[in-house]
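Right, one structure below, let's go through it.
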Amino acid sequence: MRNLLIFLSLFFWGWVIFYAQTQLIPRGQYAIVFLGAILELYVLTEMMEMAGGGRADIVGDFKKVYGPGNRLEAAILTFSAIDVAVTCTYLAYNFNRLITGVGRAEQYEYVMAAAFTIVMIYLTWRSFGGTFLAVVILGFAYGFFGMYAPGPLEHGGLGVERILRTVVIGLDGFFGFLTKLVAAWIALFLLYAGFLKGYGAFDLIMRLAFRSVKYIDSGIAQTAVLASAVIGSVNGSQTANAGMTGSFTIPLMKRNGIEPETAGAIEAVASTSGQVLPPVMGAAAFIMASLINGVTYADVIVAGLIPAAILCVTIFIAVHYVSVPQLDETNPGNLVTDTMPRAEFATEIIKYGFPLAVLIYRLGIEQVTVMTAALWTTGAMLFMGISMPLIGALLGLTDESPFEALKRTLWETLDGAREGVIVLAPVTIILAAINGVVDILTATGVPTAISLTLMDLSGGMLWLAAILAMIICIILGLGMPTTASYTIVALLIAPTMTNQFMLPQFASHFFVFYAAILAGLTPPIATCVAVACGIAGGDFWETCLEGIKISAPLFILPFVFVYHPEIVSAEFGAETFLSGGLALIGAVSMIHGINYVFTFDRLVTLSARVTLSVLGVLAMVHPNRLVQFGAVAVVIALYVLQTLIGRPDPVGVFRSVFSRSDSAPVEKSA
């Protein structure tokens with residue numbers, strides 16, 4: 001069954017690449033075929049898991065799937081596969097008639113649509129559990145029972161037939177713009193991510209991180225930050241990323257003395273930070289580019305550079321502060337048992353660096369379409385992943401023969417294609433489900449109702465509206481991947497911030513984007529923390545507290561976009577760099593105040609923490625430049641005073657970065 005999945009994955013990716021090159025059919029029709037195919041592969045993947053990995057012969061695998069204890073589950077999955085095949089084939093074949101027959105449908109089409117809706121709800125539950133299932137069910141219930149909703153949220157209610165036309169028959173809903181976006185843009189990037197994993201990019205990232213242990217005390221903990229940030233940038237789900245990278249980084253941190261709660265918090269925050277890193281931004285960049293009028297994908301990436309840099313710097317410092325007091329003395333040589341020769345290490349850098357350079361060049365300089373850039377990037381990764389090991393073997397840089405190298409890389413390619421499908425399927429399912437819910441909410445007029453309610457509650461005051469909007473974004477983002485949570489708040493909240501409070505579109509969208517990803521760190525749900533905590537074996541609430549302390553500036557950064565929108569204007573002027581610099585100093589002040597291990601008495605320590613945190617918020621957010629400069633001046637004065645007193649010496653924390661020799665073992669900072 002595993003081999004069957006690999007074969008069908010190759011066929012699926014061949015179809016995706018063929019469409020990206022030719023675009024012979026309308027994108028809406030392609031999205032129908034795409035969704036149907038990925039749902040079938042998802043069902044096969046689930047059956048493979050029921051068969052224990054699908055590594056026996058095909059008959060034996062299916063006997064396990066339909067054996068005792070699995071029959072009901074297998075029967076539901078089989079029905080789902082048949083229903084998906086019938087529905088998507090019918091819709092694709094009758095695409096032209098259905099797209100022009102708005103408002104009309106035959107009775108059997110309603111039955112077909114109802115069955116497909118039930119299947120989508122079931123697969124959504126199977127992929128993401130009860131939390132997101134509740135969101136989908138509530139969306140459908142609100143559409144049908146809207147006449148019972150309170151206050152401005154009340155509407156006349158949508159009938160069953162209209163709901164079914166909205167989500168299935170009208171070729172919007174489950175097959176709407178988000179599914180088209182996944183099919184045309186995101187899918188190829190997730191194939192690229194699958195190839196990265198298949199060819200061993202994760203191992204290279206770890207080796208780079210391990211080498212950092214020679215130069216900085218917190219190198220072990222920074223391993224989690226680097227690995228999770230890079231992988232999370234193309235993953236699209238902070239929770240899935242925490243499970244993927246955390247399964248390795250958390251045990252590594254614990255083995256070297258870091259407490260379970262701290263290790264889980266570092267992984268959760270690092271996985272969250274990866275969602276905002278260009279050039280992919282957890283796939284949300286593609287959605288943002290499609291929602292904002294008159295901007296390109298490259299504009300979104302440029303707009304996100306400064307806030308991403310601020311976040312990365314502050315998380316790096318915070319992780320250093322919290323991990324160094326806990327880390328044991330570590331010899332970097334013991335971290336990697338099988339050393340990699342310099343020549344092979346250099347070829348690995350070239351192998352993964354060249355496709356990334358292709359992506360940046362095609363998007364940033366030539367400014368081709370996202371689909372074209374994704375196709376070129378994936379093709380470059382495929383070429384480099386196969387050719388570089390072969391060249392290394394031919395030149396004698398490795399111990400493999402050319403035949404062994406070619407055989408290994410071909411298997412890695414097949415595994416990468418399979419891994420790409422495994423990552424893509426849940427993303428597609430949840431975005432299709434979100435698309436259906438969003439279309440229902442749009443039909444009810446709820447975005448306008450939310451806009452009016454937000455205006456009434458805030459009384460027209462921007463600061464209060466921003467706080468309320470952030471709370472709504474966190475609530476709406478609970479339990480959902482980045483792409484899904486951002487899509488909901490981008491359609492429901494961002495227009496209000498732009499239309500009612502005259503914020504630029506970039507500022508509104510980056511505000512809700514950053515606010516939405518906070519749901520993964522915010523209790524009582526905090527799904528990203530829950531996953532990391534489960535791996536670490538620590539206390540959930542303590543892990544949440546540690547995560548919030550490490551990521552504190554992330555809760556303030558969205559308000560910087562509101563009061564200083566030039567920071568995400570996609571234009572690098574003097575004001576942009578000034579606002580970015582002030583925000584960075586303020587964020588570092590917050591991190592220093594919250595996480596630094598002071599040795600003063602309790603009252604002085606508490607006063608220092610509160611003062612530095614408040615000054616940091618003022619330096620980041622306050623709309624008056626004089627107040628910002630004043631806050632920065634006081635922060636610098638306090639830092640210099642602390643340094644002169646020398647108890648503790650904050651500069652000394654980083655002194656080892658410059659003084660330690662490459663061969664010396666890591667020593668614990670005072």
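I'd like to know if segment 125-145 contains one or more residues that are farther than 16 Å from LEU431 by Cβ, modelled with pLDDT of 85 or more, surrounded by fewer than 20 Cβ atoms within 10 Å (Cβ to Cβ) and touching a Leu at 6+ places or on another chain (Cβ under 9 Å).
yes
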Q) How many of the residues in segment 252-277 are more than 17 Å from ALA516 (Cα to Cα) and either at pLDDT 85 or above or not polar (S, T, N, Q) (or both)? A) 15
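Let's see how each residue does on (1) at pLDDT 85 or above; (2) open to solvent by 60 Å² or more (accessible area, probe 1.4 Å):
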{"residue": "PRO565", "(1), (2)": "yes, no"}
{"residue": "ILE591", "(1), (2)": "yes, no"}
{"residue": "PHE600", "(1), (2)": "no, no"}
{"residue": "MET620", "(1), (2)": "yes, no"}
{"residue": "ILE636", "(1), (2)": "yes, yes"}
{"residue": "VAL651", "(1), (2)": "no, yes"}
{"residue": "PHE654", "(1), (2)": "no, no"}
{"residue": "PRO665", "(1), (2)": "no, yes"}
Q.
Given the options ALA85, ALA74, name the one that is within 30 Å of VAL531 (Cβ to Cβ) and over 29 Å from the mean Cα position of the chain (by Cα).
A. ALA74
Q. Is it true that ALA432 is farther than 20 Å from ILE287 by Cα, assigned to a helix (DSSP H, G or I) and modelled with pLDDT of 80 or more?
A. no
Q) Which one is farthest from the chain's Cα centre (by Cα) among residues in segment 346-404 that are in a loop (DSSP other than H, G, I, E, B) and among the polar types (S, T, N, Q)? A) SER401
Q. Could you say whether any residue in segment 53-67 is exposed (fewer than 15 other Cβ atoms within 10 Å of the Cβ) and either closer than 19 Å to THR124 by Cβ or hydroxyl-bearing (Ser, Thr, Tyr) (or both)?
A. no
Q) What number of residues in segment 72-111 are under 24 Å from MET47 (Cα atoms) and open to solvent by less than 90 Å² (accessible area, probe 1.4 Å)? A) 14
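The values are calculated or read from the model by the stated rules, or taken from the named source; none is laboratory data. Predicted model, so just to flag it, every value in this text is computed and none were measured. Counting neighbours? That spans all protein chains shown, and the Cβs are built from the backbone with ideal geometry, glycine included. Ligands, DNA and RNA are excluded from the accessible area calculation, which covers all protein heavy atoms including side chains. Shrake-Rupley method; radii C 1.70, N 1.55, O 1.52, S 1.80 Å.
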